[in-house]
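Right, one structure below, let's go through it.
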């Protein structure tokens, strides 16, 4: 695994920070047995077109042609596009002893050269002709574990704490493999995606930091407030 990137590096563009693969779902029965289709199996495609869906869960993906199966917990403006580092897929290939294709974690963007845990909440990301914005943390679920056929997956994924990155779409556009990833200035509150992930998974100290910063959308902010109470 490469060394984590610093905040300064995230305000720069390098040839290593780029999109490796763009991916959309191939619908299939939910691997955990729920009575619905699942969109967790993303497969590479030539490019994706991103846009702003409706504000709520159930309002669909922000990627045209993509599929959201669990409409109670996924989709909508705050979870419009999802990215995962290829470096993490490589790590888990070694740990799990199985091949993981680009998109295997449900990612619309498989990237190289970016440590998504270190990006700052609400930081803007320029890629292709689109402008994205770092939004909220992923939470591992039963479907994810069943898809990978791994008992205890939620615990393992949480301990690793490299959960990728959800984005909202600020400017619709097209994204293709090979596109450079450029980061705007990090917001001054400094709360990272990795810290918000830990907070969401129960770390009260980091939950307090995120709540005090007021950096999350209302629903996610209120979830952390309930945790603190």
Assuming residue 75 fulfils every condition listed in (1) surrounded by 23 or more Cβ atoms within 10 Å (Cβ to Cβ); (2) modelled with pLDDT of 95 or more; (3) more than 26 Å from residue 190 (Cβ to Cβ) apart from one, which condition is it?
(2)
I'd like the residue in the range 135-159 that is without any contact (Cβ under 8 Å) to a residue 60 or more places away in the chain and under 15 Å from the mean Cα position of the chain (by Cα) and, out of all such residues, is surrounded by the fewest Cβ atoms within 10 Å (Cβ to Cβ).
158
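Scan the range 88-100 and tell me whether some residue there is surrounded by 16 or more Cβ atoms within 10 Å (Cβ to Cβ), touching a strand residue (DSSP E or B) at 6+ places or on another chain (Cβ under 9 Å) and either in contact (Cβ under 8 Å) with a residue 60 or more places away in the chain or in a loop (DSSP other than H, G, I, E, B) (or both). Spell out the reasoning first.
Initially, the range 88-100 is screened for residues surrounded by 16 or more Cβ atoms within 10 Å (Cβ to Cβ), giving 88-89, 92, 100.
Now drop any that are not touching a strand residue (DSSP E or B) at 6+ places or on another chain (Cβ under 9 Å), which leaves 89.
From what's left, either in contact (Cβ under 8 Å) with a residue 60 or more places away in the chain or in a loop (DSSP other than H, G, I, E, B) (or both): none.
No, every residue in the range 88-100 fails to be surrounded by 16 or more Cβ atoms within 10 Å (Cβ to Cβ), touching a strand residue (DSSP E or B) at 6+ places or on another chain (Cβ under 9 Å) and either in contact (Cβ under 8 Å) with a residue 60 or more places away in the chain or in a loop (DSSP other than H, G, I, E, B) (or both).
Kindly indicate which of 117, 163, 83 is under 25 Å from residue 181 (Cβ atoms) and either part of a loop (DSSP other than H, G, I, E, B) or without any contact (Cβ under 8 Å) to a residue 40 or more places away in the chain (or both). I'd like the intermediate steps shown before the answer.
Numbers: 117 fails: either part of a loop (DSSP other than H, G, I, E, B) or without any contact (Cβ under 8 Å) to a residue 40 or more places away in the chain (or both); 83 fails: either part of a loop (DSSP other than H, G, I, E, B) or without any contact (Cβ under 8 Å) to a residue 40 or more places away in the chain (or both).
So the residue among 117, 163, 83 that is under 25 Å from residue 181 (Cβ atoms) and either part of a loop (DSSP other than H, G, I, E, B) or without any contact (Cβ under 8 Å) to a residue 40 or more places away in the chain (or both) is 163.
How about the range 33-50: which of its residues are under 15 Å from residue 71 (Cα atoms) and touching a residue at least 40 places away in the same chain (Cβ under 8 Å)?
Step one: filter the range 33-50 for residues under 15 Å from residue 71 (Cα atoms), giving 34-40.
Once the filter is applied, which keeps residues that are under 15 Å from residue 71 (Cα atoms) and touching a residue at least 40 places away in the same chain (Cβ under 8 Å), the range 33-50 yields 34, 38, 39, 40.
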When the range 177-229 is checked residue by residue, the ones that are more than 20 Å from the chain's Cα centre (by Cα), in a helix (DSSP H, G or I) and without any contact (Cβ under 8 Å) to a residue 12 or more places away in the chain are 205, 212, 222, 226
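The values are calculated or read from the model by the stated rules, or taken from the named source; none is laboratory data. Please read these numbers as outputs of a predicted model, since none were measured by experiment. Note: ideal-geometry Cβ built from the backbone for every residue, glycine included; neighbour counts use all protein chains shown.
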